[in-house]
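Have a look at the structure below, then the notes.
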Amino acid sequence: MGWRKFPICIQLFVLLHLGTCSIDSCPTPCSCSQLQTRGLIVNCSSKHLKDVPDLPVITVRLYLQNNLITSVSPGTLDHLVSLQEVDMSGNPWNCNCQILYLKSWLDSIPVQRNPSNLRCATPSTVSMKPFQNLTGNDMTPCRRTWPIKCKQFFVRDLYMIGLAVLTLILMSYVVRMARKLACRIAVTTSSCQTKPSNESYKSK
Ligand SMILES: *[C@@H]1O[C@H](CO)[C@@H](O)[C@H](O)[C@H]1NC(C)=O
Ligand SMILES: *[C@@H]1O[C@H](CO)[C@@H](O)[C@H](O)[C@H]1NC(C)=O
């Protein structure tokens, strides 16, 4: 499967950066215990957390149940490449567009989990609905958040277009300068050509 190659890339990336970042430490309100093999059990259950804390890369088991977490920012869990078990139940998940990240992350990881334990709390239209029952229709507000990403692309495109225009202007300037120079050279060479003929005329 494709995902098996992907985490190796991330693992390499993470290994390269382990020296510079101390992301192996236990997040503050949680309790951690080291496994005999390299890995941490991170227990953040029932800590009144409103957000997912900065989790160590070597997290193998993650307990986040019974907190006040409503959403997970896209990308927050991508580095957890060693994860074998996760529990995020008992949180008041806000099933707006942003929940798509968590839902797809849970679908993509090959770990022990019980997605039926994950239920939406808000908005009221999907209250108590399990994650796996969420459909595209429940996600109608999603479309409104698309322009945020589009805007990033738009800004990048503008930047690229600006660069292209600048390059064109510079190039046309260079071409004009080259043409002027070529004209000058042509003028000097033509004068050079006429000079000897003049001299030869004088010598006659
Ligand atoms: C996690 O910590 C709580 C106390 O905060 C404890 O009751 C629970 O048993 C722990 N869970 C695990 C799996 O260690
Ligand atoms: C979720 O979907 C399953 C079928 O896939 C259904 O049996 C269950 O009743 C649904 N639950 C809710 C709360 O809609």
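Brief remarks on what is shown
- Answer residue from the range 11-44, given it is over 18 Å from LEU83 (Cβ atoms) and modelled with pLDDT of 70 or more and is farthest from ligand 1 (Cβ to nearest atom) among those: THR28
- Here is the figure for the range 67-89: residues that are in contact with a strand residue (DSSP E or B) (Cβ under 9 Å, 6 or more places away or on another chain) and within 16 Å of ligand 1 (Cβ to nearest atom) total 8.
- Residues being closer than 13 Å to LEU80 by Cβ and either within 14 Å of ligand 1 (Cβ to nearest atom) or in contact with a Cys (Cβ under 9 Å, 6 or more places away or on another chain) (or both) - total across the range 45-56: 4
- Looking at SER33, SER73, just one residue is under 21 Å from SER108 (Cβ atoms), out of contact with any Cys (no Cβ under 7 Å at 6 or more places or on another chain) and of a type outside the set (A, V, I, L, M, F, W, C), and that residue is SER73.
- Summed over the range 100-135, residues that are of a type in the set (A, V, I, L, M), within 16 Å of ligand 2 (Cβ to nearest atom) and under 23 Å from VAL60 (Cα atoms) total 2.
- Residue in the range 97-114 that is farther than 15 Å from ILE41 by Cα, of a type in the set (Phe, Trp, Tyr) and touching a Cys at 6+ places or on another chain (Cβ under 9 Å) present: no
- Qualifying residue in the range 59-76 (condition: assigned by TED's automatic domain parsing to the domain that holds VAL42, surrounded by 15 or more Cβ atoms within 10 Å (Cβ to Cβ), assigned to a helix (DSSP H, G or I) and touching an Asp or Glu at 6+ places or on another chain (Cβ under 9 Å)): no
- Residue in the range 107-151 that is modelled with the highest pLDDT, counting only those that are touching a Pro at 6+ places or on another chain (Cβ under 6 Å) and assigned to a helix (DSSP H, G or I): PHE131
- Cβ-Cβ under 6 Å pairs, at least 6 apart or on other chains, the range 41-53 side under 20 Å from PRO74 (Cβ atoms) and of a type outside the set (S, T, N, Q), far side surrounded by fewer than 18 Cβ atoms within 10 Å (Cβ to Cβ) and at pLDDT 95 or above: LYS50/LEU68
The values are calculated or read from the model by the stated rules, or taken from the named source; none is laboratory data. Quick caveat, the model's predicted, so the values are computed rather than measured. With ideal geometry, Cβ positions are generated from the backbone for all residues, glycine too; neighbour counts draw on all protein chains shown.
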